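What follows is one structure encoded as C-alpha coordinates, with my remarks underneath.
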Amino acid sequence: MSEVMDPHTEAPLRGLRQLPSPGRDQCAGAAGDGHAAGGARRAEEAGPRSGAPARAALLVLADGRFPAGGHAHSGGAEAAVRAGRLGDARDLADFCRGRLHTTGLTAAGLAAAAALGLDPVALDVAADARTPSPALRASARRLGRQLMRAARATWPSPELDALAGARPKGAHQPVVLGVTARAAGLGAEDAAYCAAYEAVGGPATAAVRLLSLDPYQATAVLARLAPDMDRVAGRAVAAARWAAERGPDALPAASAPLLDITAEQHAAWPVRLFAS
(Lines give C-alpha, C1' and ligand atoms only; values in the text may rest on other atoms or scores of the structure.)
Protein backbone atom coordinates (compact mmCIF):
# COMPACT_ATOMS: atom_id res chain seq x y z
CA MET A 1 0.00 0.00 0.00
CA SER A 2 1.33 3.45 -0.84
CA GLU A 3 2.60 5.61 1.96
CA VAL A 4 0.09 8.12 3.36
CA MET A 5 1.25 11.33 4.99
CA ASP A 6 -0.47 12.81 8.01
CA PRO A 7 -1.09 16.48 7.07
CA HIS A 8 -1.11 17.48 10.75
CA THR A 9 2.30 16.07 11.69
CA GLU A 10 3.89 15.48 8.25
CA ALA A 11 4.77 11.98 9.50
CA PRO A 12 4.17 8.92 7.34
CA LEU A 13 1.22 6.68 8.09
CA ARG A 14 2.27 3.21 7.04
CA GLY A 15 -1.11 1.55 6.74
CA LEU A 16 -3.91 1.13 9.19
CA ARG A 17 -2.88 -0.07 12.62
CA GLN A 18 -5.40 -2.36 14.31
CA LEU A 19 -6.06 -1.30 17.88
CA PRO A 20 -6.56 -3.92 20.61
CA SER A 21 -10.20 -4.44 21.43
CA PRO A 22 -11.38 -2.88 24.71
CA GLY A 23 -13.05 -5.88 26.25
CA ARG A 24 -14.40 -7.30 22.98
CA ASP A 25 -13.42 -10.52 21.24
CA GLN A 26 -11.83 -10.36 17.80
CA CYS A 27 -12.11 -13.13 15.24
CA ALA A 28 -9.71 -13.94 12.43
CA GLY A 29 -10.78 -14.58 8.89
CA ALA A 30 -10.59 -13.38 5.31
CA ALA A 31 -12.55 -10.66 3.62
CA GLY A 32 -14.69 -11.29 0.59
CA ASP A 33 -16.37 -14.67 0.17
CA GLY A 34 -15.38 -16.03 3.59
CA HIS A 35 -12.78 -18.58 2.41
CA ALA A 36 -9.48 -18.81 4.26
CA ALA A 37 -6.73 -16.62 2.81
CA GLY A 38 -2.97 -16.53 3.50
CA GLY A 39 -2.93 -15.64 7.18
CA ALA A 40 -4.97 -12.50 6.61
CA ARG A 41 -6.65 -11.17 9.68
CA ARG A 42 -9.57 -8.84 9.89
CA ALA A 43 -11.58 -7.32 12.68
CA GLU A 44 -14.88 -9.04 13.33
CA GLU A 45 -17.68 -7.94 15.52
CA ALA A 46 -18.17 -10.27 18.43
CA GLY A 47 -20.12 -7.83 20.52
CA PRO A 48 -22.70 -8.87 23.08
CA ARG A 49 -25.77 -8.99 20.84
CA SER A 50 -27.75 -10.25 23.80
CA GLY A 51 -26.18 -7.64 26.06
CA ALA A 52 -28.86 -5.04 26.62
CA PRO A 53 -26.54 -2.43 28.18
CA ALA A 54 -24.29 -2.32 25.11
CA ARG A 55 -27.10 -2.19 22.57
CA ALA A 56 -28.99 0.37 24.67
CA ALA A 57 -25.93 2.61 24.40
CA LEU A 58 -26.80 3.00 20.71
CA LEU A 59 -30.05 4.69 21.71
CA VAL A 60 -28.11 7.20 23.78
CA LEU A 61 -25.56 7.86 21.05
CA ALA A 62 -28.18 8.31 18.29
CA ASP A 63 -30.52 10.41 20.44
CA GLY A 64 -30.84 13.95 19.11
CA ARG A 65 -30.61 15.16 22.70
CA PHE A 66 -27.11 13.74 23.11
CA PRO A 67 -24.96 16.90 23.47
CA ALA A 68 -22.84 16.38 20.37
CA GLY A 69 -23.68 19.67 18.64
CA GLY A 70 -25.58 18.25 15.68
CA HIS A 71 -28.60 20.49 16.28
CA ALA A 72 -26.57 23.48 15.03
CA HIS A 73 -25.97 21.94 11.59
CA SER A 74 -28.44 21.41 8.75
CA GLY A 75 -26.34 19.10 6.59
CA GLY A 76 -26.75 21.40 3.60
CA ALA A 77 -30.50 21.79 3.98
CA GLU A 78 -30.36 25.53 4.71
CA ALA A 79 -28.49 26.26 1.48
CA ALA A 80 -30.86 23.98 -0.45
CA VAL A 81 -33.89 25.81 0.93
CA ARG A 82 -32.52 29.20 -0.10
CA ALA A 83 -31.69 27.88 -3.57
CA GLY A 84 -35.26 26.65 -4.00
CA ARG A 85 -34.35 22.98 -4.24
CA LEU A 86 -35.94 22.05 -0.91
CA GLY A 87 -39.47 23.27 -0.30
CA ASP A 88 -41.68 20.41 0.90
CA ALA A 89 -41.69 16.86 2.22
CA ARG A 90 -41.16 15.33 -1.22
CA ASP A 91 -38.09 17.50 -1.79
CA LEU A 92 -36.85 16.55 1.67
CA ALA A 93 -37.11 12.85 0.83
CA ASP A 94 -35.09 13.34 -2.37
CA PHE A 95 -32.50 15.49 -0.58
CA CYS A 96 -32.05 13.02 2.27
CA ARG A 97 -31.87 10.00 -0.03
CA GLY A 98 -29.15 11.64 -2.10
CA ARG A 99 -27.20 12.67 0.96
CA LEU A 100 -27.53 9.22 2.52
CA HIS A 101 -26.10 7.36 -0.48
CA THR A 102 -23.18 9.77 -0.94
CA THR A 103 -21.73 11.56 2.06
CA GLY A 104 -23.77 9.36 4.39
CA LEU A 105 -22.21 6.20 2.98
CA THR A 106 -18.74 7.69 3.27
CA ALA A 107 -19.34 8.70 6.90
CA ALA A 108 -20.81 5.31 7.76
CA GLY A 109 -17.77 3.53 6.33
CA LEU A 110 -15.37 5.65 8.37
CA ALA A 111 -17.43 5.18 11.54
CA ALA A 112 -17.63 1.41 11.04
CA ALA A 113 -13.88 1.18 10.44
CA ALA A 114 -13.13 3.15 13.61
CA ALA A 115 -15.53 0.96 15.59
CA LEU A 116 -13.66 -2.12 14.35
CA GLY A 117 -10.48 -0.69 15.85
CA LEU A 118 -8.63 0.59 12.79
CA ASP A 119 -6.15 3.38 13.45
CA PRO A 120 -8.32 6.48 13.97
CA VAL A 121 -5.54 8.90 13.03
CA ALA A 122 -5.10 7.18 9.67
CA LEU A 123 -8.88 7.19 9.25
CA ASP A 124 -8.91 10.91 10.00
CA VAL A 125 -6.47 11.46 7.14
CA ALA A 126 -8.74 9.36 4.91
CA ALA A 127 -11.70 11.51 5.97
CA ASP A 128 -9.80 14.66 4.95
CA ALA A 129 -9.18 13.17 1.51
CA ARG A 130 -12.88 12.41 1.14
CA THR A 131 -14.01 15.92 2.10
CA PRO A 132 -12.97 18.34 -0.67
CA SER A 133 -14.82 21.35 0.78
CA PRO A 134 -12.78 23.31 3.36
CA ALA A 135 -16.03 24.48 4.96
CA LEU A 136 -17.25 20.90 5.39
CA ARG A 137 -13.87 19.79 6.75
CA ALA A 138 -14.05 22.55 9.34
CA SER A 139 -17.63 21.60 10.24
CA ALA A 140 -16.72 17.92 10.54
CA ARG A 141 -13.90 18.75 12.93
CA ARG A 142 -16.06 21.08 15.03
CA LEU A 143 -18.66 18.34 15.32
CA GLY A 144 -15.95 15.82 16.11
CA ARG A 145 -14.56 18.01 18.87
CA GLN A 146 -18.00 18.47 20.42
CA LEU A 147 -18.78 14.75 20.18
CA MET A 148 -15.42 13.97 21.75
CA ARG A 149 -16.23 16.11 24.78
CA ALA A 150 -19.57 14.39 25.26
CA ALA A 151 -18.17 10.93 24.61
CA ARG A 152 -15.27 11.22 27.05
CA ALA A 153 -17.67 12.32 29.78
CA THR A 154 -20.14 9.52 29.00
CA TRP A 155 -17.89 6.56 28.10
CA PRO A 156 -14.34 7.28 29.35
CA SER A 157 -11.84 5.42 27.20
CA PRO A 158 -8.05 5.42 26.61
CA GLU A 159 -8.74 5.29 22.85
CA LEU A 160 -10.86 8.45 23.03
CA ASP A 161 -8.15 10.11 25.12
CA ALA A 162 -5.48 9.13 22.60
CA LEU A 163 -7.46 10.48 19.65
CA ALA A 164 -8.21 13.71 21.51
CA GLY A 165 -4.49 14.11 22.15
CA ALA A 166 -3.58 13.40 18.53
CA ARG A 167 -6.23 15.77 17.19
CA PRO A 168 -6.65 18.55 19.80
CA LYS A 169 -8.54 20.74 17.32
CA GLY A 170 -10.92 17.92 16.57
CA ALA A 171 -10.95 14.78 14.43
CA HIS A 172 -13.59 14.22 11.76
CA GLN A 173 -16.96 13.47 13.35
CA PRO A 174 -17.49 10.02 11.77
CA VAL A 175 -14.12 8.85 13.08
CA VAL A 176 -14.91 10.10 16.57
CA LEU A 177 -18.33 8.48 16.28
CA GLY A 178 -16.76 5.10 15.55
CA VAL A 179 -14.29 5.33 18.42
CA THR A 180 -17.14 6.42 20.68
CA ALA A 181 -19.26 3.45 19.63
CA ARG A 182 -16.31 1.18 20.40
CA ALA A 183 -15.88 2.77 23.84
CA ALA A 184 -19.59 2.23 24.51
CA GLY A 185 -19.31 -1.50 23.71
CA LEU A 186 -20.99 -1.19 20.33
CA GLY A 187 -19.88 -2.73 17.03
CA ALA A 188 -19.25 -1.63 13.48
CA GLU A 189 -22.86 -2.18 12.41
CA ASP A 190 -24.10 0.03 15.25
CA ALA A 191 -21.68 2.80 14.31
CA ALA A 192 -22.67 2.57 10.65
CA TYR A 193 -26.37 2.80 11.46
CA CYS A 194 -25.76 5.79 13.72
CA ALA A 195 -23.82 7.60 10.98
CA ALA A 196 -26.44 6.76 8.36
CA TYR A 197 -29.23 8.04 10.57
CA GLU A 198 -27.34 11.24 11.34
CA ALA A 199 -26.92 11.86 7.60
CA VAL A 200 -30.67 12.18 7.19
CA GLY A 201 -31.89 13.04 10.67
CA GLY A 202 -30.05 16.37 10.77
CA PRO A 203 -31.50 17.72 7.50
CA ALA A 204 -34.98 16.49 8.42
CA THR A 205 -34.90 18.28 11.77
CA ALA A 206 -33.51 21.42 10.13
CA ALA A 207 -36.25 21.36 7.46
CA VAL A 208 -38.90 21.54 10.16
CA ARG A 209 -37.36 24.78 11.39
CA LEU A 210 -36.49 26.24 8.00
CA LEU A 211 -39.78 25.48 6.24
CA SER A 212 -42.18 25.21 9.18
CA LEU A 213 -42.63 21.71 7.84
CA ASP A 214 -45.08 19.45 9.65
CA PRO A 215 -42.85 17.36 11.96
CA TYR A 216 -45.06 14.34 11.28
CA GLN A 217 -44.20 14.62 7.60
CA ALA A 218 -40.49 14.92 8.36
CA THR A 219 -40.63 11.85 10.58
CA ALA A 220 -42.49 9.94 7.87
CA VAL A 221 -39.67 10.77 5.43
CA LEU A 222 -37.14 9.24 7.81
CA ALA A 223 -39.27 6.13 8.35
CA ARG A 224 -39.60 5.56 4.60
CA LEU A 225 -35.84 5.83 4.22
CA ALA A 226 -35.30 2.89 6.58
CA PRO A 227 -34.60 0.36 3.78
CA ASP A 228 -32.04 2.74 2.28
CA MET A 229 -30.38 3.10 5.68
CA ASP A 230 -30.20 -0.69 5.95
CA ARG A 231 -28.45 -0.92 2.60
CA VAL A 232 -26.02 1.90 3.36
CA ALA A 233 -25.11 0.46 6.76
CA GLY A 234 -24.53 -2.97 5.23
CA ARG A 235 -22.28 -1.59 2.50
CA ALA A 236 -20.35 0.49 5.03
CA VAL A 237 -19.65 -2.45 7.34
CA ALA A 238 -18.56 -4.68 4.46
CA ALA A 239 -16.17 -1.97 3.25
CA ALA A 240 -14.81 -1.42 6.76
CA ARG A 241 -13.99 -5.10 7.13
CA TRP A 242 -12.29 -5.06 3.76
CA ALA A 243 -10.33 -1.96 4.82
CA ALA A 244 -8.97 -3.87 7.82
CA GLU A 245 -6.94 -5.87 5.29
CA ARG A 246 -6.54 -3.56 2.34
CA GLY A 247 -6.23 -0.11 3.91
CA PRO A 248 -8.33 3.07 3.71
CA ASP A 249 -8.67 2.99 -0.06
CA ALA A 250 -11.22 0.21 0.44
CA LEU A 251 -13.55 2.59 2.29
CA PRO A 252 -16.35 4.38 0.40
CA ALA A 253 -15.46 7.70 -1.17
CA ALA A 254 -18.84 8.73 -2.56
CA SER A 255 -19.22 12.49 -2.96
CA ALA A 256 -21.94 15.06 -3.48
CA PRO A 257 -20.37 17.96 -5.41
CA LEU A 258 -23.42 20.20 -5.08
CA LEU A 259 -23.25 19.89 -1.30
CA ASP A 260 -19.57 20.86 -1.44
CA ILE A 261 -20.31 23.93 -3.56
CA THR A 262 -23.26 25.14 -1.51
CA ALA A 263 -21.33 24.54 1.74
CA GLU A 264 -18.71 27.05 0.59
CA GLN A 265 -21.44 29.53 -0.33
CA HIS A 266 -23.25 28.96 2.97
CA ALA A 267 -20.07 29.57 4.98
CA ALA A 268 -19.80 33.05 3.43
CA TRP A 269 -23.32 34.16 4.35
CA PRO A 270 -23.26 37.00 6.89
CA VAL A 271 -26.49 35.73 8.50
CA ARG A 272 -27.57 32.11 8.71
CA LEU A 273 -29.61 29.94 11.05
CA PHE A 274 -27.29 26.91 11.02
CA ALA A 275 -23.51 26.54 11.17
CA SER A 276 -23.53 24.35 8.05
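The values are calculated or read from the model by the stated rules, or taken from the named source; none is laboratory data. Quick caveat: nothing in here was measured; it's all calculated off a predicted structure. All Cβ positions, glycine included, derive from the backbone under ideal geometry; neighbour counts span all protein chains shown. Side chains included, ligands, DNA and RNA excluded: accessible areas come from the protein's heavy atoms. Shrake-Rupley method; radii C 1.70, N 1.55, O 1.52, S 1.80 Å.
Applying a 10 Å radius around every beta-carbon, put 66-72, 237-243, 223-229, 174-180 in order of their mean neighbour count, most first. Write out the running numbers ahead of the final one.
Numbers: 66-72: 17.3, 237-243: 23.4, 223-229: 14.0, 174-180: 32.1.
Result, highest mean first: 174-180, 237-243, 66-72, 223-229.
Over all directions, how big on average is the projection of the convex hull of the alpha-carbon atoms in the range 74-186, in square nanometres?
Computed as one quarter of the Cα hull surface, the answer is 7.4 nm².
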| query | Along the three principal axes, how long is the range 128-276 when you take its alpha carbons, biggest first, rounded to the nearest angstrom? | reply | 43, 36, 31
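So how many Å³ per residue does the convex hull of the Cα atoms of the range 199-276 work out to? Provide the component values of the computation, followed by the final result.
On the way: hull volume 8.5 nm³, N = 78.
Measuring per residue, one finds 109 Å³ for the Cα hull of the range 199-276.
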| task | Mind checking the per residue accessible area of the range 161-263 for me, 1.4 Å probe, whole number of Å²? | result | 39 Å²
| message | Just to check I understand the Karplus step: with θ = phi - 60° and J = 6.51 cos²θ - 1.76 cosθ + 1.60, what whole-Hz values come out for the range 199-212, glycine and proline as x? | response | 4, 10, x, x, x, 5, 5, 5, 4, 4, 6, 6, 10, 6
| said: 5 Å is the cut-off here: which amide hydrogens, built 1.01 Å from N in the peptide plane, fall below it relative to L118, excluding neighbours closer than 5 in sequence? | reply: L19
| query | Once phi is turned into ³J(HN,Hα) by the Karplus curve 6.51 cos²θ - 1.76 cosθ + 1.60 with θ = phi - 60°, what whole-Hz value does each residue of the range 170-180 show in order, with x for glycine and proline? | reply | x, 8, 4, 4, x, 5, 4, 4, x, 5, 5
| the range 65-113 - Debye-derived log10 I(q)/I(0), Cα point model, q = 0.19 Å⁻¹ | -0.75
| field | Where a label projected 7 Å from the Cα of A166 along Cα→Cβ would reach, residues of the range 175-215 with amide N under 16 Å | value | 175-183
| Once the piece of chain linking R152 and R224 is laid out straight, how much longer is it, given 0.36 nm per residue of separation minus the C-alpha distance between them? | 22.6 nm
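In whole percent, and with a 1.4 Å probe on the protein chains, what portion of the accessible area of the range 66-141 is carbon and sulfur? Walk me through the numbers before you get to the answer.
On the way: 1390 of 2440 Å².
Carbon plus sulfur share of accessible area: 57 percent.
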